[in-house]
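These notes concern the structure reproduced below.
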Amino acid sequence: MHGGNIRHMAQKAGCLPGDLMDFSANINPLGPPPGIWADLVRDQENLGHYPDPGCSELLTAAAGFYQCHADEILAGNGSTELLFAAVSHFQPKRVVLPSPCYIDYATAARYAGIPIQWVHLDPDRNFVPDKAKISGVLRSGDLLILGRPNNPTGNCPSVNFCCELAADFSDVIFLIDEAFIDLTDHERLPVGQQDNMLILRSLTKNFAIPGLRLGLICGHQQLIGALKASLPPWTVSSPAQAVGGNLFAENIYLEQSRQQIRQARELLTKGLSKITGIQVFPGTANFLLMKIIDPKWSGPKLFNAMLEKHIAIRVCDDYESLDAQYVRVAVKNPDDNLRLINAFKTIFGSGSEPFRRKTVKKTPAIMLQGTGSNAGKSILAAAFCRIMLQDGLRVAPFKAQNMSLNSYVTTAGLEMGRAQVTQAMAARVAPDVRMNPVLLKPNSDTGSQVIVCGRSVGHMNVSDYVAYKENAFAAVKECYRSLASEYDAIVIEGAGSPGEINLKHHDIVNMRMARFSESPVLLVGDIDRGGVFASFIGTFAVLEPWERDLLAGFIVNRFRGDSSLLDSAHAMTARYTGRPTFGVIDYLPNLGLPEEDSVEFKSAASLTGSPAASPGSADIEIAVIDLPHISNFTDFDALALEPDVSVRIIRPGMPLGCPDLVLLPGSKSVAADFAWLCKENRDEQLIEYYHQGGRIMGICGGFQMMGQAIDDPGHMESGYGDMPGLKLLSCTTTLAFEKTLKRTRAEHVDSGETVDGYEIHHGVTQLKDEKIWLKTPDATVGIASGDGRLTGTYLHGIFDADGFRRWFIDDLRVSKGLSPLKTGVVYDLNTALDRLADHVRERIDLDRIYQLAGV
């Protein structure tokens with residue numbers, strides 16, 4: 001039986017084909033090149049037409065790759081078809097086979113009715129081909145088939161060996177099988193230089209596409225022309241031609257394949273050689289031949305023992321010159337090879353294991369990735385954290401890399417993304433920078449401040465950060481290991497989409513993180529935006545095989561209506577992908593949880609909270625200036641929940657109107673945003689608004705803008721230098737490289753209320769004549785003008801305090817002649833998180849998800 005009969009072996013093992021680790025077939029362990037999926041999708045339109053019988057585009061590409069003429073190459077439905085065709089067409093007197101060799105050489109001869117002359121090679125010389133021995137049996141009219149490298153031994157006769165032998169026997173046809181040559185470090189035989197030589201090449205094996213069936217035979221034009229005339233038309237399908245034509249551009253892929261196979265083969269050889277009971281023959285290909293020397297074992301017995309461990313190997317008792325004591329194993333990836341080594345050691349019960357890795361119990365994990373940004377994965381991650389907490393698990397959130405201007409300072413004075421803070425609240429654990437090891441805070445369209453483990457490591461443009469990413473991923477892995485060791489389960493969030501083909505090669509947050517954490521992936525799509533099922537199928541289409549293995553299924557988010565209407569779409573998605581949909585989550589308005597990033601803020605006309613406080617109907621209107629680099633936009637979420645407040649977002653070009661308060665928010669690029677403010681004439685509008693009796697409050701960067709000047713002596717914000725402020729407050733800010741990161745508890749002087757918040761800023765502000773508005777025992781953290789209509793503070797999160805927030809709004813009410821309400825809403829995220837968790841629990845297949853995660 002050939003190797004690779006995965007269904008038969010899985011049936012015998014009592015498992016699914018996908019659960020069987022197949023070492024019986026010698027396929028490139030890297031898997032197919034990613035580009036072939038695009039080729040297959042693109043070629044679907046050609047399925048209604050006959051394929052090109054001459055394979056013209058394929059052969060042109062192959063000729064360029066092999067540096068020969070297109071009429072010196074013939075394509076077939078796998079190299080085996082061409083092998084059989086060559087033996088049958090040329091009808092040699094004998095087929096000469098140095099053995100052991102690929103079993104279908106002999107099968108092809110028998111099909112054609114040609115006698116076989118075996119040349120038995122010496123096992124004591126590792127079955128190396130013997131030129132003298134082969135020469136001694138060759139006769140005029142023979143056809144010699146020689147593997148290069150040879151299957152199953154892995155030996156590879158040199159180019160000179162083959163060419164000299166062919167030159168010595170010009171009346172013998174030489175058929176050299178180079179099916180595995182591009183996975184070795186050996187040079188290929190030149191095409192067309194020997195008029196009695198044919199060369200087999202297998203794209204199936206080199207590019208890991210055995211199901212597609214594509215092979216080539218190369219040689220002198222007369223030989224190829226004669227063989228072509230004997231083949232039926234249309235032997236190569238349109239999909240195979242579409243894929244094959246582009247494979248010859250995969251030079252980087254082939255070099256990576258050779259490098260990985262070389263390294264893996266050396267380690268596998270070393271590991272297996274340490275085991276008493278087997279002899280490993282040296283080889284140069286992506287497989288190894290072994291002889292069982294333990295008399296208690298045979299190849300068939302070992303095959304069955306391995307199959308019980310869901311590992312398939314190739315028994316070589318049907319190879320000429322070998323017997324039931326010989327087996328062959330493929331060279332696969334390091335983890336699979338290690339599993340094979342450990343299985344052999346368990347069976348033979350002796351030998352050392354220099355490659356045993358330190359085994360650490362895997363922490364159960366589930367990963368939520370999205371079809372794009374703002375698909376709702378952050379909120380769903382929070383839901384899973386609360387659900388697992390409710391089910392008695394100590395759970396923690398994790399996101400390897402977050403790009404957001406919405407950050408938070410931990411009690412240790414370290415900076416992390418706000419989304420993971422909300423998720424930590426859902427899990428009822430303290431926010432920890434290990435939950436978000438890398439935070440990117442964009443300060444331009446092409447650059448960001450890079451924060452690793454809570455501290456800035458500098459400002460980087462895109463290319464600099466890509467070069468730095470492996471360092472960042474090292475920190476990510478260390479943080480994950482440490483965090484996972486302390487919890488029962490981890491809920492991991494991805495970023496953007498795993499299908500971003502321009503980013504995948506340096507990904508550290510999506511599938512690469514899923515592979516490291518051994519976490520199944522649920523892909524979340526936002527149906528409210530439309531195209532969710534196309535996004536599921538499209539994302540799947542651009543995933544590589546190893547990434548597809550990690551994808552468990554889908555979750556539809558933000559659905560409005562009867563979910564049974566989606567049944568046919570779920571079925572079609574499953575048909576395309578082989579993956580189920582694990583749930584449909586309803587659209588949940590006014591949830592009362594912070595948004596995952598600024599996408600929702602930038603697209604909304606107002607902040608939604610209390611249904612009673614629609615724009616134009618509320619007693620109090622607060623206007624928030626939308627800055628290009630707005631940060632910590634969740635500072636205003638609690639205000640939007642109050643029943644008498646409407647929070648309106650002022651977009652570019654929109655009139656300021658006559659709100660009761662204008663809020664200038666924080667900014668990651670204060671100088672750039674202030675320059676934008678002036679360009680939009682907002683500076684003049686704000687000054688006029690204030691002189692007409694308006695009230696303005698600035699937080700962090702907005703506070704800095706309200707002063708006399710923003711000095712930048714170190715040119716932190718390149719291109720702007722020193723610039724004037726709005727001159728509403730008498731303070732002056734100097735930008736500094738050292739970043740202030742701290743949590744602060746302060747007292748509001750006028751009300752006596754306590755507020756808790758945090759500071760994240762580079763500026764140092766020199767205060768002058770303003771009165772104290774917020775204070776700590778040893779510092780002023782907020783100031784106000786003499787008339788009280790201008791206020792500024794560095795403190796983020798002050799409106800989260802229920803008492804202060806109600807006092808602040810009531811003060812606005814009184815100033816316009818309204819009575820104070822004195823009581824307002826309780827800003828309690830836990831209530832919202834429980835409501836979210838209850839809804840999600842009802843609408844997902846939680847048992848199956850827990851089973852996937854290993855909970």
In whole Hz, what ³J(HN,Hα) sequence does region 536-552 give by Karplus (6.51, -1.76, 1.60; θ = phi - 60°), x for Gly and Pro?
4, 5, x, 4, 4, 5, 9, 7, 6, x, 5, 6, 4, 4, 7, 7, 8
FRET efficiency (ILE252, ASP834; Cβ distance; R0 51 Å; to 0.05) is 0.50
If Lys and Arg each add +1 and Asp and Glu each add -1, what is the summed charge of the other residues whose beta carbon sits under 11 Å from the beta carbon of ASN557?
+1
Which shape class applies to region 708-840: rounded if a/c is under 1.5, otherwise prolate when a/b exceeds b/c and oblate if not, where a ≥ b ≥ c are the square roots of the Cα gyration tensor eigenvalues?
oblate
Is there a quick way to get the dipole size of region 172-258? I mean about its Cα centre, with the Cβ of Lys and Arg at +1 and of Asp and Glu at -1; what is the value in debye to the nearest 20?
300 debye
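With r as the distance between the Cβ atoms of TRP118 and PHE161 and R0 = 22 Å, compute the FRET efficiency 1/(1 + (r/R0)^6) and round to 0.05. Provide the component values of the computation, followed by the final result.
Details: r = 19 Å, r/R0 = 0.88.
Efficiency at R0 = 22 Å is approximately 0.70.
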Built amide H within the under 5 Å cut-off of VAL524, gap 5+:
GLN369, GLY370, THR371, ILE555
Derived scalar couplings ³J(HN,Hα) [region 107-124; Karplus, 6.51 cos²θ - 1.76 cosθ + 1.60; whole Hz; x for Gly, Pro]:
4, 4, 5, 5, 4, 8, x, 9, x, 10, 10, 7, 10, 7, 8, 7, x, 5
Extended-chain gain in nm, criterion 0.36 nm per residue less alpha-carbon gap, GLN279 and THR60:
74.4 nm
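Note down the relative contact order for region 733-855 as a percent, whole number, built from C-alpha pairs under 8 angstrom at least six residues apart.
For region 733-855, the relative contact order is 18 percent.
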I'd like to check one number: the per residue accessible area of the chain, probe 1.4 Å, reported in Å² as a whole number.
40 Å²
Heavy-atom accessible area of the chain with neighbours in place, 1.4 angstrom probe: carbon+sulfur share in percent works out to 50 percent
Rounded Å value of the spacing that divides the Cα centres of region 155-170 and region 34-88:
28 Å
Measuring from its Cα centre, region 70-146 shows a charge dipole (+1 at each Lys and Arg Cβ, -1 at each Asp and Glu Cβ) which, in debye to the nearest 20, is 340 debye
Could you list the residues of region 792-806 with an amide nitrogen less than 20 Å from a label point located 7 Å from the Cα of SER819 in the Cα-to-C-beta direction?
806
Using alpha carbons only, how many angstrom separate the centre of region 224-277 from the centre of region 461-523?
31 Å
Set the Förster radius R0 to 60 Å, insert the Cβ-Cβ distance between ASP567 and CYS658 as r into 1/(1 + (r/R0)^6), and round the FRET efficiency to 0.05.
0.70
Neighbourhood charge, 13 Å Cβ-Cβ cut-off, centred on ARG515 and excluding it, Lys, Arg +1 and Asp, Glu -1:
-1
Among ALA226, PRO98, PRO149, which residue has its Cα positioned farthest towards the positive end of the charge dipole of the chain, with +1 placed on the Cβ of Lys and Arg, -1 on the Cβ of Asp and Glu, and the dipole taken about the Cα centre?
PRO98
Virtual paramagnetic centre 7 Å along Cα→Cβ of ARG139, amide N under 14 Å, in region 78-102
92-97
Using alpha carbon centers only, region 547-574 is separated from region 764-819 by a whole-angstrom value of 49 Å
In Å, the Kirkwood estimate of hydrodynamic radius for the chain over Cα pairs equals 31.5 Å
Rounded to the nearest 20 debye, dipole of the chain from Cβ charges on Lys, Arg, Asp, Glu:
2420 debye
Can you list residues from other chains, or at least 5 along the same chain, whose modelled amide H is less than 5 Å from the amide H of LEU821?
none
Name all residues of region 327-350 having a backbone nitrogen under 16 Å from the label point set 7 Å from the Cα of ASP294 along its Cα→Cβ direction, giving them as ranges.
327-328, 340-350
For the pair GLU266 and ILE501, how long in nm is the line joining their label points, each one 7 Å along Cα→Cβ?
3.5 nm
Amide H contacts under 5 Å for TYR587, placed H, 5+ residues apart:
ARG558, PHE559, ARG560
Across region 647-664, in residue order, what do the Karplus-derived ³J(HN,Hα) couplings come to in whole Hz, using 6.51 cos²θ - 1.76 cosθ + 1.60 with θ = phi - 60° and x for Gly and Pro?
9, 9, 9, 8, 7, x, x, 7, x, 5, x, 10, x, 7, 7, 10, 9, 9
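The values are calculated or read from the model by the stated rules, or taken from the named source; none is laboratory data. Everything numeric in this text was worked out from a predicted model, so none of it was measured. Every residue, glycine among them, receives a Cβ derived from its backbone with ideal geometry; neighbour counts consider all protein chains shown. Only protein heavy atoms, including side chains, enter the accessible area calculation; ligands, DNA and RNA are left aside. Shrake-Rupley method; radii C 1.70, N 1.55, O 1.52, S 1.80 Å.
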